[in-house]
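A quick write-up on the structure given underneath.
The values are calculated or read from the model by the stated rules, or taken from the named source; none is laboratory data. In this text, all values refer to a predicted model and were calculated from it rather than measured experimentally. Cβ placement follows ideal geometry from the backbone for every residue including glycine, while neighbour counts extend to all protein chains displayed. Quick note on the areas: whole protein, heavy atoms, side chains included, nothing else; ligands and nucleic acids left out. Shrake-Rupley method; radii C 1.70, N 1.55, O 1.52, S 1.80 Å.
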Amino acid sequence: MFAQVYGSTTLGLQGMLITVEVDIANGIPGWDIVGLPDASVRESRERVRAAIKNSGFEFPGRRITVNLAPADLKKDSSGLDLPIAIAILAASGQIPLTSSADKVFVAELSLEGKLRPVSGVLSMAMNGAAQQLPEIFVATANAREALIAGTIAVYAPDSLQELVGHLRGETALVPQLPDVSITVESCYQENFAEVQGQALAKRALEIAAAGGHNVLMIGPPGSGKTMLARRITTILPPMTRQEALEVTKIYSVAGQLPNQSVITARPFRSPHHTVSTAGLIGGGTIPRPGEVTLSHNGVLFLDELPEFPRTVLEVLRQPLEDGEVTISRANASLSYPAKIMLIAAMNPCPCGYLGDPGKQCSCGDGEIRRYAKKISGPLLDRIDLHVHVPRPEYSELTARKPSENSSDIARRVEQARQIQVQRLQSSGISCNAQMGHRHIRAACQLTTEAQAILQQAFSKMSLSARSFDRIVKVARTISDLAGDEKISAVHIAEAISFRNHIQSL
């Protein structure tokens, strides 16, 4: 006898509907799973067999063939346990064929028949809704996540026995009620008011937050670089609904979704400098998101930048330029979103005290050059703001005058972002850092004085075309913070000043 039900898995960040076909025929008892199953799917044979028996149902003692279509897609989710079990029960006549025909089933099965959660349910539920399937059945722990999809009825039985009772019409399951809303509340414990001094670095981070720019902070140990970086999220504008759903989908696929609910705070990722290339950019036999994608619509903070292997840092070039990561494998080529703000911190030399007025550097010239060469010129060229962070003075650390609060800075940042959204909305981008050369020519009008200063800097600093564009984009953000329509000499001069600190490296 033949039965067909729907399961689901993920390919990249997208849900993929899987048709689970089961044929039960006379012959030597046994069963095969075909359709490119990986190890976790092949092992489902033992989980499904035990779950069916321990739930009080009969496991067919005949020849069972399970086909997972489309056959050319690698299946790597233990969430196919449930649709395989339902298809076997339907093919053996233990549940009506029509009761499971237009539903999606996604869950791992325990040996006693309990439903266990899997990763990527949000993408699967959204794909099921797009395919106009009316219902999805998931584990209880995945219910809130599936409800985010919004347009598909979500059922969350505790066990296979409870689900079969519902499909037979013996007991009715109640659809889960949506209790998910996307509301943004300020719940940050850090605050820029806690940072004493460092006015220049704070200004650079305000500009970066206002325009979505990348920042490199250079200074001796203990100057406050990490402290400043960890407070950048407190001044970033809140995510839109679309941005929140994008981030939530990424964390769902990665299996890192907290409380199975919508993520409303912008991500802040700070990987250790021992991270591998695959850990940073994503990868694996079946590619999974890396730290760059997990930072999408948020901040990627790389502390002690020269300590990262150069081969690892170089893979950042594409996402910093294109806003996405493309990972190619023999059986698939996947693209992950990676619109990030890169915040990096480094010492000026191995000992950390090059140029420090209070402590002498103990490094030789060769050591300093080798240290600086750990970061390539093309990577530095993609970082918009280079800012020196000196050791704070004693008077700054003991000053009674409070520093500016994060909420005050955030208001200025939000106003500047609104200006950018209105200016760029027809282009499909939301901040100055995302502008291409075409957008720059249309949106960045320089005064005559500003053009003269930029021309002089271009010649003296031997700037590349990319550096030219990035200076103009930063100047555009500075003028937006000031509420000016045109980029004046003051704006362009400040933008250029944030490229000078790297010249000594």
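Can you list the residues, at least 5 places off or on another chain, whose amide H is less than 5 Å from the amide H of residue 15, using H built in the peptide plane?
Long-range HN contacts for residue 15: 127.
Hey, what's the Cα Rg ratio for region 397-466 versus the globular rule of thumb, 2.2 N^0.38 Å? Provide the component values of the computation, followed by the final result.
Values: Rg = 17.4 Å, N = 70, 2.2 N^0.38 = 11.1 Å.
Relative to the 2.2 N^0.38 Å estimate, region 397-466 comes out at 1.58.
How high is the FRET efficiency between residue 50 and residue 174 when r is their beta carbon distance and R₀ equals 22 Å, given to the nearest 0.05?
0.20
Run through the DSSP bridge list for the chain and note the antiparallel percent, rounded to the nearest 5.
Bridges in the chain are about 50 percent antiparallel.
Using the Cα atoms of region 261-394, I'd like the radius of gyration and the largest Cα-Cα distance, Dmax, both in angstrom.
In order Rg, Dmax, the Cα atoms of region 261-394 give 17.1, 60 Å.
Show me, for region 250-261, the HN-Hα J-couplings you get by feeding each phi into the Karplus relation (A = 6.51, B = -1.76, C = 1.60, θ = phi - 60°), rounded to Hz, glycine and proline as x.
4, 5, 5, 5, 6, x, 10, 7, x, 6, 6, 10
Applying a 10 Å radius around every beta-carbon, put 472-478, 287-293, 275-281 in order of their mean neighbour count, most first.
472-478, 287-293, 275-281
So for region 73-137, what are the equivalent ellipsoid semi-axes in whole Å, largest first, each being the square root of 5 times an eigenvalue of the Cα gyration tensor?
That gives 19, 17, 10 Å for the three semi-axes.
First compute the accessible area of region 358-505 with a 1.4 Å probe, then give the percent of it belonging to carbon and sulfur atoms.
49 percent
Counting pairs of Cα atoms in region 378-437, how many percent are more than 16 Å apart? Show your work: numbers first, answer last.
On the way: 1210 of 1770 pairs.
In whole percent, the share of Cα-Cα pairs in region 378-437 beyond 16 Å is 68.
Take peptides 80-89, 216-225, 418-427, 45-54 and line them up by average Cβ neighbours within 10 Å, highest first, as a rough protection proxy. Could you put the intermediate results ahead of the total?
On the way: 80-89: 28.5, 216-225: 21.5, 418-427: 14.4, 45-54: 19.3.
Most protected by this proxy first, the peptides run 80-89, 216-225, 45-54, 418-427.
Using only the alpha-carbon atoms of region 168-281 as identical scatterers, what base-10 log of I(q)/I(0) does the Debye formula give at q = 0.10, 0.15, 0.19, 0.21 Å⁻¹?
-0.45, -0.86, -1.20, -1.31
How large a share of the accessible area of region 157-316, in percent, is made up of carbon and sulfur atoms when the probe is 1.4 Å and the other protein chains stay in place?
With neighbouring chains kept in place, the figure for region 157-316 is 50 percent.
Viscosity 1.306 mPa s, temperature 10 °C: Stokes-Einstein D of region 383-505 from its Kirkwood Cα radius, in µm² per second?
Working: Rh = 16.0 Å.
Translational diffusion coefficient: 99 µm²/s.
Output the Cα-based Rg and Dmax of region 30-139 in Å, rounding Rg to one decimal and Dmax to a whole number.
Both quantities, over Cα of region 30-139: 13.4, 38 Å.
Using a probe radius of 1.4 Å on heavy atoms only, what accessible surface per residue do you get for region 24-183? Whole Å² is fine.
Averaged over the residues of region 24-183, the accessible area is 42 Å².
Kindly report, to the nearest 10 Å², the accessible surface of residue 447 as traced by a 1.4 Å probe over protein heavy atoms only.
The value for residue 447 is about 30 Å².
Run through every distinct alpha carbon pair of the chain and return the Kirkwood hydrodynamic radius in angstroms, one decimal place.
The answer is 25.6 Å.
Taking only the alpha-carbon positions of region 109-227 and ignoring solvent, what does the Debye formula give for the base-10 log of I(q)/I(0) at q = 0.09, 0.23 Å⁻¹?
At q = 0.09, 0.23 Å⁻¹ the computed log10 ratios are -0.51, -1.31.
Cα centroid distance between region 290-311 and region 388-433, in Å?
21 Å
Looking only at region 299-372, where both bridge partners belong to it, what percent of the DSSP beta bridges are antiparallel (to the nearest 5)?
Counting DSSP beta bridges with both partners in region 299-372, the antiparallel share is about 55 percent.
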